[in-house]
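The values are calculated or read from the model by the stated rules, or taken from the named source; none is laboratory data. Note that this is a predicted model, so its numbers are computed, not measured. Neighbour counts run over all protein chains shown; Cβ positions are idealised from the backbone, glycine included. When the accessible area is computed, the model is the full protein with side chains, heavy atoms only, and any ligands, DNA or RNA have been set aside. Shrake-Rupley method; radii C 1.70, N 1.55, O 1.52, S 1.80 Å.
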Amino acid sequence: MGDWVIGAFINLFGSIAINFGTNLLKLGHNERERYSAMDGEGMAGKVPLKPIIYFQTWRVGILIFILGICLNFISFGYAAQSLLAALGSVQFVSNIAFAYFVLNKMVTVKVLAATTFIVLGNFFLVAFGNHQSPVYTPEQLAEKYSNITFLLYWLILILVVAFHHYIYRRGETLLAFSGHELRPYWNMLLPFSYAVVSGAVGSCSVLFAKSLSNLLRLAMSDGYQLHSWFTYSMILLFLSTAGFWMARLNEGLSLFDAILIVPMFQIAWTFFSICTGFIYFQEYQVFDALRTTMFIIGMISVFMGISLLAPDEPRGGEVKDNSHMNSVVFQH
C-alpha cells in the first residue's frame, strides 16, 4: 500500500472530524442565541450574549475540530497537497448528515443534487490528481518559497483577498446604512466574499503544515535536526494562518447558516489549497493531457455544485442581527 493511500485514509477521518466539529460549533452558536432570546423575554433592550466558550457543545466541537486538524496535519506527510485538498469532498457528504441530525436542518433535493456534483467532481480530482509525495530537504523547501512563479502566485492571492475583502465591507456598509433591502445577489455575494478571503488565507496553513510534515518525516528517517530558523518560521506561519482560518470559521458560523457557509468555506479552501500545491510543489509536472482534462472536469463539477447551493430569493426577514453587522441568512 502506497504512502499516498495511508495519507488519504488519515485525511478522510480528519476531514469528517473537522466537519463534525464545525457543525457542533454552529450548534453552540444557535444555543447561545436561543438562551439570549429566552433571557431577554419581558425585558427592555437586548440582553448581551454570553461568551461562546460557556456552552459545552461549542467546547466539544472545538476539540473535535482540533483533532481533525491534527489528523490532516499528519496526512500531509504522506500524500500530495492537491490530492488531500480534493479529499475534502467527504465533508460535503458528512455535512448533509450532520446538518440533518445535529442542526435539525431540512435537507432539500437541491442540496442533495449540489452535494452529488461536488462529490463527483472531487472523485475526478482524486482519481486523476498527483499521487506522489517526495521528501524535500529544508534547503529545497526554502528555495521553493523564493521561486519567482510562487512569488507571483502570492501576489495574485493578495490581490484576490484584498478585492473580496473590499466587496464584503461594501456589502456590510450598505446593510448598515442604506436603510433599504439589498438586491438578491448580495445574499450570495456576502458569504461568498467572506469565504474567499477566509479560504485564501487559510489554505496557506496547508502549505506550511505540509512543509512541517515534510520536516518531521525527514527527521524520523534521516535524523534531521528540527531546531532551525526554517522550522520555527514554518511553525509561526502555520499557527498564524491556521488561527486566522479558525477565527474566521467561528465568526462565519455565527453570521451565516451552516448548510450554506460550510460548503463555501470548503470550496474556497480546497480550490486555493490545490492551486498552492500545484505552484509551490510543481505538482502539475505529472499531468498529461488526459489527467489535465479530467482534473478540469472535476473542478467544473465542483463549481456547479456550489452554484446549486446558492439560495434563490430571500424569504421575508432573512437578515440576521449581530453585534457588529447584519447578515443575510439562508433559511430552509
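A few points about this structure:
- In segment 178-206, residue modelled with the highest pLDDT [restricted to those that are closer than 27 Å to residue 270 by Cα and open to solvent by 30 Å² or more (accessible area, probe 1.4 Å)]: 201
- One residue alone among 260, 236 is surrounded by fewer than 20 Cβ atoms within 10 Å (Cβ to Cβ) and in a helix (DSSP H, G or I), and that residue is 236.
- Selection of segment 129-177 for residues being more than 30 Å from residue 191 (Cβ to Cβ), at pLDDT below 85 and part of a loop (DSSP other than H, G, I, E, B) yields 130, 131, 132, 133, 134, 135, 136, 137.
- Qualifying residue in segment 207-219 (condition: open to solvent by 60 Å² or more (accessible area, probe 1.4 Å) and at pLDDT below 85): yes
- Residue match in segment 275-287 (condition: farther than 30 Å from residue 146 by Cβ and either modelled with pLDDT of 75 or more or open to solvent by 70 Å² or more (accessible area, probe 1.4 Å) (or both)): no
- Restricting attention to segment 230-255, the residues that are farther than 23 Å from residue 157 by Cα and at pLDDT 85 or above total 2.
- Per-region count, segment 48-76, residues open to solvent by less than 90 Å² (accessible area, probe 1.4 Å) and in a helix (DSSP H, G or I): 17
- Tabulated pairs, segment 128-150, first on the phi > 0 side of the Ramachandran plot, second loosely packed, with under 13 Cβ neighbours inside 10 Å, C-beta under 6 angstrom, 6+ apart or interchain: none
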